[in-house]
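Right, one structure below, let's go through it.
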Amino acid sequence: MTFKDPASYTDLSQGKIKHIHFRIGVDFSTRTLALEATYQMQEPVQGSLYLDTFKLGLQEARAGDRELAWEFDAQDDILGDRLHVQGLEGDSTFTLTFRTSPEARALQWLNASQTAGGSHPFLFSQCQAIHARSIFPCQDSPSVRFTYSAEVEVARGLVAAMAAEQVGVEEGIEQTLFRFRMPQPIPSYLFALAVGNLDFRELGPRTGVYAEPETIEAAAWEFAENETKIIEAEKLLGPYLWGRYDLLILPPSFPYGGMENPRLTFLTPTAILGTRGHLSLITHELAHAWTGNLVTNATWQDFWLNEGWTTYAETRITEVLEGKDVTDLHLAFNEKQLIAIMERVGMDSPLTRLKLPAERDADSFTTTIPYYKGCFFLQECEYAVGRERFDEFIQTYMASFQFQSLTTEAFLDFLNAELPDVFEKVDVHTWIYETGMPDADARHKHNSHLYDEVQQALDRYKQGVKPTEKQIQNWHRYQILSFLQGLPSKIPVEDCEYFDNILELEKRNDVAVFSYFYVIAIASGYEAILPRVEEFMGKIGRMLYVLPIVRAMIGTDGSRKHVRPLFERIRDHHHQITVNAMEGLLQRAGL
Ligand code: BES
Ligand code: ZN
């Protein structure tokens, strides 16, 4: 190995984990998991082994009948505690017994009142990027893959779901035991567990959905077409190698839109719009089954290999399923979004490079820059050699690196070997290693007549003519978003009220539209919006839409003083990851 993962204590020279067998007890009363994990290593290990942990209470380490010495010998707020297991004597297997902390970063424990049904508690995990270590000691780097099996014991009446194959259920008097196995090797960040009052509904031969009984009907309708998406994705990316593709609908505090946990995408309930209109989110998470889960970034500095490729695949699949007009609209929107985010972090910030800096805090550099910039770079590669050759390249790439992790440099070597002429036409080095965007004349422009229609409405607005309700009635959801995206950051309060009405925001129930609108309303001093903002913030955890609101409140004189108290009122409703992100924004603003 020629790289070191800055976000992990892992020392690959000591050996690599091959398989873990978990026994997991779920205790809602103490908000802890009690675990026993038996590790199998690729090779026998001599002496020491370093494992990543975060606030884990270790009870025992054994190799067969030998007790092993261990200590936590390094500590860091972000990396966590380094577990140093000692005295391994060429052992290939050992067992650790431990408990998670109620503050485990990967876990959110919800009271019954925070669920759709209101009668059962709920637990879910979110391990990406570096939170698996708060559930079990591991080599928490995406360059290490292992298989696993698990037995999960929960109180009767609750259902356990994992991003793995369910292989058995045993009902006891007070407890139910769920058995799982994950025969394909995964990196630790794709470990996932949820427990709640869950129903399951079959959707297609390989697809289904888990949700609370109150949500299952709406979810089954919304995602009925998932099988069609897999078929299209397979045409582009090769065979789907994970068996099933199910969804799990989480409570609204889930910090992301979706998380591509293998076999079981975790999804925000806000994706259920009642219109089957959130295609791009599912397409994105599904595409990760190849770009990310099958071929994985070796470190979080190479995150664009996951997200840029996935966003590119998403646009290709959208083109087939929704047509070129809609895809072009998405692309034009994404380009504007990319420039706005780059301007926010600074055009010369290292965060604008595709190859990210070596940082311990893998979460703090997860902006959407690698998504969009990575996608646009891959499009340039496609244009350089033509779609036919690029499509062949995609299939070879997937087949050559399946179940492996690679660095940006390894990818570029492969690109150079397979499609050397890309390097003649595209300034690859600038795209990957330079900040900002390559000059406009060195890249293709995204033309979209649907987007242009919105730009005309925006131009007229700037000249004092507001769009009418009739005019926007048939706008595509992304046209509405593009309109909000293009409005000046501050507008007259009467106009906020006007747009609130003609966009029929209340009826729409679309968090993306809410978020864009609330940001403008806050900056414009439209105070009538604040109770709705508070309600939104108390419920929705999807950071992509929540954090811009926090930023807007921080950046506006009238609302700045309200943001810390608001945060204190809502923090208990949110996942640790969301809480940490909000706390970070407030602290950096001196609040
Ligand atoms: N894998 C990401 C979510 C993620 C990224 C979790 C980094 C932890 C660290 C997921 O695939 C994703 O990108 N979700 C987006 C949706 C996407 C369509 C932009 C989200 O959550 O909004
Ligand atoms: Zn993604």
Completion exercise
Within segment 290-307, residues within 11 Å of ligand 1 (Cβ to nearest atom) and either out of contact with any strand residue (DSSP E or B) (no Cβ under 8 Å at 6 or more places or on another chain) or part of a loop (DSSP other than H, G, I, E, B) (or both) come out as Thr291, Gly292, Asn293, Trp300, Glu307
Practice task
Kindly establish whether Leu68 is within 28 Å of Ser364 (Cβ to Cβ) and either touching a Pro at 6+ places or on another chain (Cβ under 6 Å) or crowded, with 17+ Cβ neighbours inside 10 Å (or both).
Solution key: no
Practice task
Within segment 335-391, track down each residue that is charged (D, E, K, R) and more than 21 Å from Met543 (Cβ to Cβ).
Solution key: Glu335, Asp348, Arg353, Lys355, Glu380, Glu382, Arg387, Glu388, Arg389, Asp391
Handout entry: Tally, over segment 32-52, of residues that are more than 28 Å from the chain's Cα centre (by Cα) and of a type in the set (A, V, I, L, M, F, W, C)
Key = 3
Handout entry: Breaking point among (1) under 28 Å from Phe403 (Cα atoms); (2) outside any strand (DSSP E or B), for Arg82
Key = (2)
Handout entry: Count - residues of segment 282-304 that are within 15 Å of ligand 2 (Cβ to nearest atom) and either at pLDDT below 95 or of a type outside the set (A, V, I, L, M) (or both)
Key = 14
Practice task
Name every residue in segment 561-577 that is modelled with pLDDT under 95 and crowded, with 16+ Cβ neighbours inside 10 Å, in order of residue number.
Solution key: His573, His574, His575, Gln576, Ile577
Practice task
Determine which member of the set Ile341, Ile369 is surrounded by fewer than 19 Cβ atoms within 10 Å (Cβ to Cβ) and β-branched (Val, Ile, Thr).
Solution key: Ile341
Practice task
With the condition kept exactly as written, say whether any residue in segment 358-380 is without any contact (Cβ under 8 Å) to a residue 60 or more places away in the chain and away from ligand 1 (no atom under 16 Å from the Cβ).
Solution key: no
Exercise for the section: State whether one or more residues within segment 209-219 are within 16 Å of ligand 1 (Cβ to nearest atom) and of a type outside the set (D, E, K, R). Expected result: no
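Per-residue answers, yes or no, for (1) modelled with pLDDT of 95 or more; (2) more than 16 Å from ligand 2 (Cβ to nearest atom); (3) touching a Leu at 6+ places or on another chain (Cβ under 7 Å):
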residue: Ala74; (1), (2), (3): yes, yes, no
residue: Leu83; (1), (2), (3): yes, yes, yes
residue: Gly90; (1), (2), (3): yes, yes, no
residue: Leu96; (1), (2), (3): yes, yes, yes
residue: Gln128; (1), (2), (3): yes, no, no
residue: Asp140; (1), (2), (3): yes, yes, no
Exercise for the section: Restrict the check to segment 314-327 and report whether at least one residue is without any contact (Cβ under 8 Å) to a residue 12 or more places away in the chain, more than 30 Å from Lys235 (Cα to Cα) and more than 16 Å from ligand 1 (Cβ to nearest atom). Expected result: no
Handout entry: Candidates Tyr245, Tyr240, Tyr256, filtered to the one that is buried (at least 17 other Cβ atoms within 10 Å of the Cβ) and near ligand 1 (Cβ under 10 Å from one of its atoms)
Key = Tyr256
Fill in the blank from the handout: Listed by range, helices (runs of 4 or more DSSP H) wholly within segment 418-511 having at least 1 residues that are of a type in the set (Phe, Trp, Tyr) and at negative phi are 422-425, 428-433, 449-462, 477-486, 493-502
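One line per residue, one yes/no per condition, for (1) closer than 17 Å to Phe124 by Cβ; (2) touching a helix residue (DSSP H, G or I) at 6+ places or on another chain (Cβ under 6 Å); (3) touching a residue at least 60 places away in the same chain (Cβ under 8 Å):
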position	(1), (2), (3)
Ser149	no, no, yes
Ala161	yes, no, yes
Glu165	no, no, yes
Glu170	no, no, no
Glu174	no, no, no
Leu177	no, no, no
Phe180	yes, no, no
Phe191	yes, yes, yes
Gly196	yes, no, yes
Practice task
Please give the number of the condition Thr2 fails out of (1) modelled with pLDDT of 95 or more; (2) among the hydroxyl-bearing types (Ser, Thr, Tyr); (3) farther than 30 Å from Ser113 by Cα.
Solution key: (1)
Exercise for the section: Scan Ile231, Ile249 and give me the residue that is away from ligand 2 (no atom under 16 Å from the Cβ), out of contact with any strand residue (DSSP E or B) (no Cβ under 9 Å at 6 or more places or on another chain) and of a type in the set (A, V, I, L, M). Expected result: Ile231
Exercise for the section: Would you check if Asp348 is away from ligand 1 (no atom under 15 Å from the Cβ) and either within 19 Å of Ala287 (Cβ to Cβ) or among the acidic types (Asp, Glu) (or both)? Expected result: yes
Practice task
Have a look at Ser134, Ser143 and point out the one that is surrounded by 20 or more Cβ atoms within 10 Å (Cβ to Cβ) and within 16 Å of ligand 1 (Cβ to nearest atom).
Solution key: Ser134
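The values are calculated or read from the model by the stated rules, or taken from the named source; none is laboratory data. Because the structure is a prediction, the values reported are computed rather than measured. Glycine also receives a Cβ, built like all others from the backbone with ideal geometry; neighbour counts cover every protein chain displayed.
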